Amino acid sequence: MSQAGRFAGRKAVVTGGTHGIGRAVVDSLLAGGAEVLLTGNDKANIDTARAELGPRAHVVRSDAADVAAIDRLGTAVEDTLGGVDFVFVNVGYVKFGSFGYVTEETYDRMFDTNTKGAFFTAQRLAPLVRDGGSFVFTTGATSGAAYVGTGVGTAMKTAIRAFSRILASELLPRNIRVNTVSPGFTQTPSMGHADLSDEMREANQSEGERITPMRRFGRPEEVAAAVLFLGFDATFTNGAELPVDGGLGEGLEWPHGEVPEL
């Protein structure tokens, strides 16, 4: 089958789909013939998506931190798509902050948007996923690591990883697969973090390239390819986490000195 018809007849939901990795997934789904309902919460990104995407894309404004909004999202999915084949739960809000400087407001916003939002989005949409369908959640390369200043972000992503595995078990009777994708440094507008100044963005770019074994940031399209592999092609993969991080989370290291030829 050609790439143009790869997802023909499929219906998908992508939360956080108006920019970055989510938008790359939406673009690939639409290019493959799918019908997609995508969410965002930033008016400018929503307006851009509505202007650029065609009639098979349905853009809905939705706040992942608001359970009532998640319920309305479920109703919109029912009314617009009916049953769906694939859900990519991708909304994220991450802010740097070392242990002594994290405020309750920041902590709550991060967990409400990412962890609580992901959980209740999955709970609301699971009954709408057709038997044999799939979920993919976004975690992160820092899950299981101990990078300074990422305590809350690492904790919330690790929580998503944990409950996604339980969901994979609970949905087994319906043959619905649940997996996670774990991106490293990715070249998105926000670089995965909120409220970055130009100086912080430049430092993040430099540090990300330095510590990533492949010495570069990933492209959103590269992460999207992994998401869609898990969502549609990896039909005997369930409860797994796929790193897309240039070797960052796998303990690979850039060679020092001369490396002998093999």
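The values are calculated or read from the model by the stated rules, or taken from the named source; none is laboratory data. Computed from a prediction, not measured in an experiment: that's the story for all the values here. Don't worry about glycine lacking a Cβ; one is built from the backbone with ideal geometry, like all the others, and counts go over all protein chains shown. Surface areas here come from the heavy atoms of the whole protein model, side chains and all, with no ligands, DNA or RNA. Shrake-Rupley method; radii C 1.70, N 1.55, O 1.52, S 1.80 Å.
Some points to look at:
- Where a residue in region 100-116 is under 15 Å from T15 (Cα atoms) and its partner, wherever it lies, is open to solvent by 60 Å² or more (accessible area, probe 1.4 Å) and assigned to a helix (DSSP H, G or I), with Cβ under 9 Å and at least six apart: K116/V67
- Number of residues in region 208-234 that are open to solvent by less than 20 Å² (accessible area, probe 1.4 Å), of a type in the set (V, I, T) and part of a helix (DSSP H, G or I): the value is 2.
- Selection status of G184, touching a helix residue (DSSP H, G or I) at 6+ places or on another chain (Cβ under 6 Å), open to solvent by less than 90 Å² (accessible area, probe 1.4 Å), of a type in the set (G, A, S) and modelled with pLDDT of 90 or more: no
- Residues that are aliphatic (A, V, I, L, M) and without any contact (Cβ under 8 Å) to a residue 40 or more places away in the chain were ranked within region 1-33; the one that is nearest to A69 (Cα to Cα) is V26.
- Identification of strands (runs of 3 or more DSSP E) wholly contained in region 8-95 with 1 or more residues that are small (G, A, S) and more than 23 Å from E241 (Cβ to Cβ) yields 35-40, 57-61.
- Residue count for region 36-67 under the criterion of being among the aliphatic types (A, V, I, L, M) and open to solvent by 70 Å² or more (accessible area, probe 1.4 Å): the result is 1.
- Listed by position, the helices (runs of 4 or more DSSP H) inside region 98-177 whose residues that are at pLDDT below 95 and surrounded by fewer than 14 Cβ atoms within 10 Å (Cβ to Cβ) number at least 3 are 104-110.
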